[in-house]
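Participant: Here you go, one structure.
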């Protein structure tokens with residue numbers, strides 16, 4: 001990415017082992033993320049460009065001398081953050097705060113919308129997948145590197161549980177995966193706040209019981225009508241705008257919880273006073289997806305959940321610029337890149 005709406009395919013040097021804990025992965029599937037659209041809309045011009053992409057599945061081509069659990073030839077999934085798996089925060093289930101970690105595609109490590117990628121801290125980062133998983137499962141397995149794990153993080157942070165009412169703000173890929181997560185965790189009522197017919201239909205198949213198409217005060221009023229005037233126990237905020245966060249706080253019932261996973265577009269938290277006076281718990285952040293894999297992977301392999309259905313367009317590497325345009329123009333929910 002060389003600037004706003006300026007995505008190009010370039011020939012660059014092959015990835016190689018730089019540190020003893022590195023692995024090199026030949027990418028077979030990658031994707032474009034909703035968070036990639038923020039720089040797509042706002043990035044200033046760059047002479048060198050930024051190598052994009054932080055979700056990938058591929059085959060290990062090389063490993064450094066300190067890599068002990070990853071082997072050449074392994075089929076692996078690459079979460080959006082790299083982590084050593086051993087530091088105090090990794091042991092506490094928060095690999096996105098790893099003291100030796102970082103994020104792919106933001107300059108610290110190259111992106112994975114590419115034929116190959118260097119993976120730091122390979123032992124702690126990569127997830128070995130069954131070689132016989134088959135092509136049908138690959139889209140859903142790919143979502144474990146970000147959007148399914150992020151939707152699950154929103155649900156966990158919002159304290160979704162059996163018998164509770166939950167609301168999901170946002171009908172993008174993360175919001176739709178949030179519906180899956182809320183249903184999986186036993187929510188009795190799941191209200192989707194979204195307005196795109198194709199996404200609403202998919203959310204209903206995933207378990208959404210109600211849909212609120214309005215925004216602002218009208219949306220708040222509709223949610224309250226659906227919840228006997230009280231609001232919901234759990235809100236999954238999957239957008240990141242001030243307006244969506246204000247809605248999240250306003251539709252939560254007193255004593256409820258908000259799980260925010262949409263990257264905030266401002267430093268302050270909207271509606272902090274209502275959150276305080278209603279005793280709301282507000283938490284969330286970059287999803288520690290690597291820590292959730294052991295829980296979510298069996299459900300994907302067994303077909304209990306199918307988050308890969310959020311991919312509604314498949315492109316080749318040379319078509320990635322058009323994939324960005326399609327997602328930005330709301331022509332696609334999420335784009336899968338096959339190599």
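The values are calculated or read from the model by the stated rules, or taken from the named source; none is laboratory data. As the structure is a prediction and not an experimental result, all values here were calculated from the model. A quick note on method: Cβ atoms are made from the backbone with ideal geometry, for glycine too, and the neighbour counts reach across all protein chains shown.
Participant: Spot the failing condition for residue 266; the list is (1) surrounded by fewer than 22 Cβ atoms within 10 Å (Cβ to Cβ); (2) under 14 Å from the mean Cα position of the chain (by Cα); (3) assigned to a loop (DSSP other than H, G, I, E, B), and only one is missed.
Facilitator: Among (1) surrounded by fewer than 22 Cβ atoms within 10 Å (Cβ to Cβ); (2) under 14 Å from the mean Cα position of the chain (by Cα); (3) assigned to a loop (DSSP other than H, G, I, E, B), the lone unmet condition for residue 266 is (2).
Participant: Could you list, in sequence order, all residues of segment 292-311 that are in contact with a strand residue (DSSP E or B) (Cβ under 7 Å, 6 or more places away or on another chain) and closer than 19 Å to residue 135 by Cβ? Walk me through it before giving the result.
Facilitator: Going through segment 292-311, the residues in contact with a strand residue (DSSP E or B) (Cβ under 7 Å, 6 or more places away or on another chain) turn out to be 293, 310-311.
Answer for segment 292-311, where residues must be in contact with a strand residue (DSSP E or B) (Cβ under 7 Å, 6 or more places away or on another chain) and closer than 19 Å to residue 135 by Cβ: 310, 311.
Participant: Name, by its number, the condition in (1) in the same structural domain as residue 319 (by TED's automatic domain parsing); (2) surrounded by fewer than 16 Cβ atoms within 10 Å (Cβ to Cβ); (3) touching a strand residue (DSSP E or B) at 6+ places or on another chain (Cβ under 8 Å) that does not hold for residue 34.
Facilitator: (2)
Participant: In this structure, is residue 232 buried (at least 19 other Cβ atoms within 10 Å of the Cβ), in contact with a strand residue (DSSP E or B) (Cβ under 6 Å, 6 or more places away or on another chain), closer than 21 Å to residue 150 by Cα and at pLDDT 95 or above?
Facilitator: Working: buried (at least 19 other Cβ atoms within 10 Å of the Cβ): yes; in contact with a strand residue (DSSP E or B) (Cβ under 6 Å, 6 or more places away or on another chain): yes; closer than 21 Å to residue 150 by Cα: yes; at pLDDT 95 or above: yes.
The answer is yes for residue 232.
Participant: Condition (residue is farther than 29 Å from residue 221 by Cβ and assigned to a loop (DSSP other than H, G, I, E, B)) applied to segment 241-257: is it met by at least one residue?
Facilitator: Taking segment 241-257 first, the residues farther than 29 Å from residue 221 by Cβ are none.
No, segment 241-257 has no match at all.
Participant: If you check residue 282 against the conditions, is it free of Cβ contacts under 8 Å to residues at least 40 places away in the same chain, part of a strand (DSSP E or B), more than 15 Å from the chain's Cα centre (by Cα) and surrounded by fewer than 21 Cβ atoms within 10 Å (Cβ to Cβ)? Even if it seems obvious, please write down each step before you answer.
Facilitator: Working: free of Cβ contacts under 8 Å to residues at least 40 places away in the same chain: yes; part of a strand (DSSP E or B): yes; more than 15 Å from the chain's Cα centre (by Cα): yes; surrounded by fewer than 21 Cβ atoms within 10 Å (Cβ to Cβ): no.
No; evaluated as a whole, the condition is false for this residue.
Participant: Here's something else I'd like to know. Can you pull out every residue in segment 64-74 that is under 15 Å from residue 293 (Cβ atoms) and either surrounded by 22 or more Cβ atoms within 10 Å (Cβ to Cβ) or in contact with a helix residue (DSSP H, G or I) (Cβ under 9 Å, 6 or more places away or on another chain) (or both)? Explain how you work it out, then say what you get.
Facilitator: Let us first name the residues in segment 64-74 that are under 15 Å from residue 293 (Cβ atoms), namely 69-70, 74.
Matches in segment 64-74: 69, 70.
Participant: Moving on. So, residue 88, is that one more than 18 Å from residue 25 (Cα to Cα) and free of Cβ contacts under 8 Å to residues at least 40 places away in the same chain or not? Walk me through how you get there before you give the answer.
Facilitator: Numbers: more than 18 Å from residue 25 (Cα to Cα): yes; free of Cβ contacts under 8 Å to residues at least 40 places away in the same chain: yes.
Here the answer is yes, as residue 88 does meet what is asked.
Participant: Take residue 209 and decide whether it is within 28 Å of residue 302 (Cβ to Cβ), over 21 Å from the mean Cα position of the chain (by Cα), outside the structural domain of residue 297 (by TED's automatic domain parsing) and surrounded by 16 or more Cβ atoms within 10 Å (Cβ to Cβ).
Facilitator: Working: within 28 Å of residue 302 (Cβ to Cβ): yes; over 21 Å from the mean Cα position of the chain (by Cα): yes; outside the structural domain of residue 297 (by TED's automatic domain parsing): yes; surrounded by 16 or more Cβ atoms within 10 Å (Cβ to Cβ): yes.
Criteria met by residue 209.
Participant: Starting from residues that are touching a residue at least 60 places away in the same chain (Cβ under 8 Å) and assigned to a helix (DSSP H, G or I), keep the ones in segment 37-58 and report whichever is surrounded by the most Cβ atoms within 10 Å (Cβ to Cβ).
Facilitator: Residue satisfying both the conditions and the ranking: 40.
Participant: Could you tell me which numbered condition residue 273 fails, if it satisfies all but one of (1) under 24 Å from residue 181 (Cα atoms); (2) assigned by TED's automatic domain parsing to the domain that holds residue 171; (3) assigned to a helix (DSSP H, G or I)?
Facilitator: The number of the failed condition is (1).
Participant: I would also like to ask the following. Among (1) surrounded by 24 or more Cβ atoms within 10 Å (Cβ to Cβ); (2) part of a helix (DSSP H, G or I); (3) touching a residue at least 40 places away in the same chain (Cβ under 8 Å), where does residue 179 come up short?
Facilitator: Here residue 179 clears every test but (3).
Participant: Restricting the search to segment 208-227, which residues are within 24 Å of residue 305 (Cα to Cα), in contact with a helix residue (DSSP H, G or I) (Cβ under 8 Å, 6 or more places away or on another chain) and outside any strand (DSSP E or B)?
Facilitator: 208
Participant: Evaluate the following for residue 124: is it touching a helix residue (DSSP H, G or I) at 6+ places or on another chain (Cβ under 7 Å) and surrounded by fewer than 17 Cβ atoms within 10 Å (Cβ to Cβ)? Before you say what the answer is, go through the steps one by one.
Facilitator: Values: touching a helix residue (DSSP H, G or I) at 6+ places or on another chain (Cβ under 7 Å): yes; surrounded by fewer than 17 Cβ atoms within 10 Å (Cβ to Cβ): no.
When the stated conditions are applied, residue 124 does not pass them.
Participant: Which residues, counting only those in segment 185-207, are farther than 10 Å from residue 171 by Cα and outside any helix (DSSP H, G or I)?
Facilitator: Once the filter is applied, which keeps residues that are farther than 10 Å from residue 171 by Cα and outside any helix (DSSP H, G or I), segment 185-207 yields 185, 186, 187, 188, 189, 190, 191, 207.
Participant: Then there's this: When both residues are 6+ apart or on different chains and their Cβ atoms are under 6 Å apart, which pairs have a first residue that lies in segment 240-263 and is within 9 Å of residue 169 (Cβ to Cβ), and a second that is modelled with pLDDT under 95?
Facilitator: 245/270; 262/240
Participant: Restricting the first residue to segment 9-25 and requiring it to be closer than 14 Å to residue 110 by Cα and in the same structural domain as residue 66 (by TED's automatic domain parsing), which pairs with a second residue that is part of a loop (DSSP other than H, G, I, E, B) and at pLDDT below 95 meet a Cβ separation below 9 Å and a spacing of at least six or different chains?
Facilitator: none
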